Structures are given as C-alpha cells and as structure tokens.
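For reference, the structure is listed below as structure tokens.
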2 protein chains.
Amino acid sequence: MDLLKQRIQTDGLILNNSLLKVDSFLNQQIDPELMMKIGEEFVRRFKDEKITKILTIESSGIAVSVMTGLILKVPVIFARKRKPKVTGDDVYTAKVYSYTKGESNTIMISKQFLQPEDNVLIIDDFLANGEAAAGLANIVEQAKAKLVGIGIVIEKSFQPGAQKLTAAGYRVESLARIKAFTNGQVEFL
Amino acid sequence: MDLLKQRIQTDGLILNNSLLKVDSFLNQQIDPELMMKIGEEFVRRFKDEKITKILTIESSGIAVSVMTGLILKVPVIFARKRKPKVTGDDVYTAKVYSYTKGESNTIMISKQFLQPEDNVLIIDDFLANGEAAAGLANIVEQAKAKLVGIGIVIEKSFQPGAQKLTAAGYRVESLARIKAFTNGQVEFL
C-alpha cells in the first residue's frame, strides 16, 4: 500500500537502526483518514470472505479495526491485556509474550462475543514475532470460529512472525512489509 | 442522544445495582456504526469550535474519537496509562486515580503532539469521578493549548465528575446522563 509506505518513510523514526516508531500517525497520534484508507485496503484484500467479526488487541489495533468494521458493518472486538491472573469460565484467554516489554500478558475475550459460526478477521498494527496474532488466533480456535485471515498494518519481515503464522496455515496480509533498516532508511520488501 | 440511550437500555447490564457494563457495543465489542453516530453528535455539539486535535485515553475512548476525528479531519492523540515510573522531558504526564481498579496510573502524551495553538476536544467513554478527564485537561493546560470542551459518551451523573469539571470551568457534553439505577433499570436525567 503505497500511501502507507510513503507515510512510514516521511514520518517514521528509526531508533538504533532496529526500532521503528510511528507515533505520529498510528501509535500515539492517529491519523483517522489514513486509518480509513487502511480499512478500505483490508476490505479489498479480504472481499471474498464473509467476515462477520473483527478481532484486535488494545490499544493500537483499535482505530484501524473500527474503520474496517464501519465499512463492513460488522462488530469489532478487542482483547484486553492483563497480567496473568484473571480467569473465569466466561472468557477465552491466551498467553502472549511481549519481546519489547519483556513480559507476559494474558489476553482475553468474553466468550459471548465469539461464536462457532463467526468468520473472523484478525487485525493488528504491527507484526514482528507474531506473539499477539498467534494468541488471537488461538482464541478464535478455542471459540471454534473460522479465522479468515490476519490483516497487519506494518510487518517487520526480518522477524519470524509472518513466517510462523503462514507456516501455521493462516493467511497473512500485511500492507507494508519491511525488509530491513539500512543507514537509517526503511527498505520495503 | 436517543439512539445511545435506547442501546444502553437494551444492551447494558447493571451489576449490583451500581455498575453499568456496556461491553457489547463500547467496552469490549464495539459497534462501529454507533461509534460513527456518536462522533456525528459530538461534531454537532462542538461545531462552533475550531477543533484542531482530539485527545482521549486508551483503550475505550479510541473508537469514538477516531470517528469524530474522521469527520473533522483532525488527528486523534491517545494518552497511555502506565504505572508511575516513566518520566522524561519530552512527555507531559498527569496522575490519574482509578476508583474501579483502586490504583494510580500516570498518563502521558509526547509533547510534540500538543501545541499552544491547538484547540483540543477531550473525548472519553465514561465519566464518573472525573479523574481521567481532569488528568487529560491538566495535560492540555501544561501544553498551553485551548481546551474547547469534554465530550463524554456515558455520564454517571450521580457521581461527582461532571460537577467537578463544570465547576472547574470546563464545558462538558455527555450524550447519555444516568441519574440512577432503579430496580435494575437505567434512569436517565
């Protein structure tokens, strides 16, 4: 998605030649019009799936998910992150390790919001090691719903997430795929 | 806003005659079309203000904020909640106590996203004790920006938040104002 790639190149900040910060349009300041364009692109890529629900994770996945949901007229559900303590028979949970933060969280979704007849599109802002997306996919499987695919805004293709998810049989659609950071510049695949 | 009040009455769950759960359209599952209608209503109420930026707090304020920002074509910034530890010269912070969780969080916004010339609309999902909104207002003041008002989806009018914020000179616009929970029913003001 060219518009997104251009935005990453003009407004993204590369720290230590390894970390990309896109706080100015995605992760702290959000550009709603860009989020809508991204939503339109996800709808285009998954147009043949009869999506009934979008699943994401707080917080940065929410904006682009609600735009996608607005176009498709389907609900969005977002998993909450908690320190591992909450359980209960009424929630699906999955454990997600964050390499960035060096800690594990339990993500959870109330069982009432996912049914076996749902066709679920997972959406998230970043894909690096794939822990969050794998946790969300695990929850979809617990609910016996159908996972139609995983839509990612920015994929760091030099980290193993995309490969792991594809190997597990999931369809991954990433709108910007980063091959490397070279001399402070983003190189796309 | 009648559509919202009806939705609260049909889909809201009242626990212990004191807590309202609206997980099915606002706090875990999100109805994007309702969020857009709410955004339109905020735009209508604040139409005479030249809003340049919307400020909210993760996670449940994000969906309605991005819809409002989409209509107004202005950026949304969301404060993050952290345990009190993060500081730094490049962020505005405010301390926010959560009565629900019985803990304090430091909310923060990168200084680069708020300028003295900004006209800021604060948006949040719930207003009860007013701690989050007051913290956001404090950050707007630190940035020397203009706070044009506070837009709230659901106000618990029997708690002191709205009164405190109004007494502090802020314009508060709440789309559903709850007077009381009576016999398991929501009574609006």
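Values for this structure:
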quantity	calculated
Qualifying residue in region B:100-109 (condition: over 28 Å from B:D11 (Cα atoms), outside any strand (DSSP E or B) and touching a helix residue (DSSP H, G or I) at 6+ places or on another chain (Cβ under 9 Å))	no
Scan of region B:150-165 for residues that are more than 27 Å from B:K37 (Cβ to Cβ) and part of a loop (DSSP other than H, G, I, E, B), ordered by number	B:P160
Qualifying residue in region A:25-32 (condition: free of Cβ contacts under 8 Å to residues at least 60 places away in the same chain, closer than 25 Å to A:F158 by Cα, not basic (K, R) and not in a helix (DSSP H, G or I))	yes
Selected residue [part of a helix (DSSP H, G or I) and more than 12 Å from chain A (Cβ to nearest Cβ)] from B:L70, B:L136	B:L136
The lone exception for A:A137 - which of (1) modelled with pLDDT of 95 or more; (2) over 16 Å from the mean Cα position of the chain (by Cα) it fails	(2)
Criterion violated by B:Y97 - all others in (1) assigned to a helix (DSSP H, G or I); (2) surrounded by fewer than 16 Cβ atoms within 10 Å (Cβ to Cβ) satisfied	(1)
Meets criteria (part of a helix (DSSP H, G or I) and aliphatic (A, V, I, L, M)) for A:A176	no
Any chance A:L147 is part of a strand (DSSP E or B), within 16 Å of the chain's Cα centre (by Cα) and closer than 29 Å to A:D23 by Cβ	no
Residue under evaluation B:L189, criteria (1) farther than 20 Å from B:I51 by Cβ; (2) free of Cβ contacts under 8 Å to residues at least 60 places away in the same chain; (3) touching an Asp or Glu at 6+ places or on another chain (Cβ under 7 Å), criterion not met	(3)
Hits in region A:101-117 (condition: within 14 Å of another protein chain (Cβ to nearest Cβ) and within 14 Å of A:L136 (Cα to Cα))	A:N105, A:I107, A:M108, A:I109, A:S110, A:K111, A:F113, A:L114
Hits in region A:33-52 - residues which are surrounded by fewer than 24 Cβ atoms within 10 Å (Cβ to Cβ) and touching a residue at least 60 places away in the same chain (Cβ under 8 Å)	A:E41, A:R45, A:F46, A:E49, A:K50, A:I51, A:T52
Residue that is among the small types (G, A, S) and more than 8 Å from every other protein chain (Cβ to nearest Cβ), where the choices are A:S98, A:S59	A:S98
Any hit, region A:6-22, residues being under 22 Å from A:K156 (Cα atoms), among the acidic types (D, E) and away from every other protein chain (no Cβ under 14 Å)	no
Some residue of region B:35-57 being more than 17 Å from the chain's Cα centre (by Cα), assigned to a helix (DSSP H, G or I) and farther than 19 Å from B:L147 by Cβ	no
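The values are calculated or read from the model by the stated rules, or taken from the named source; none is laboratory data. Everything numeric here is computed off the predicted structure, so don't read it as measured data. Neighbour counts run over all protein chains shown; Cβ positions are idealised from the backbone, glycine included.
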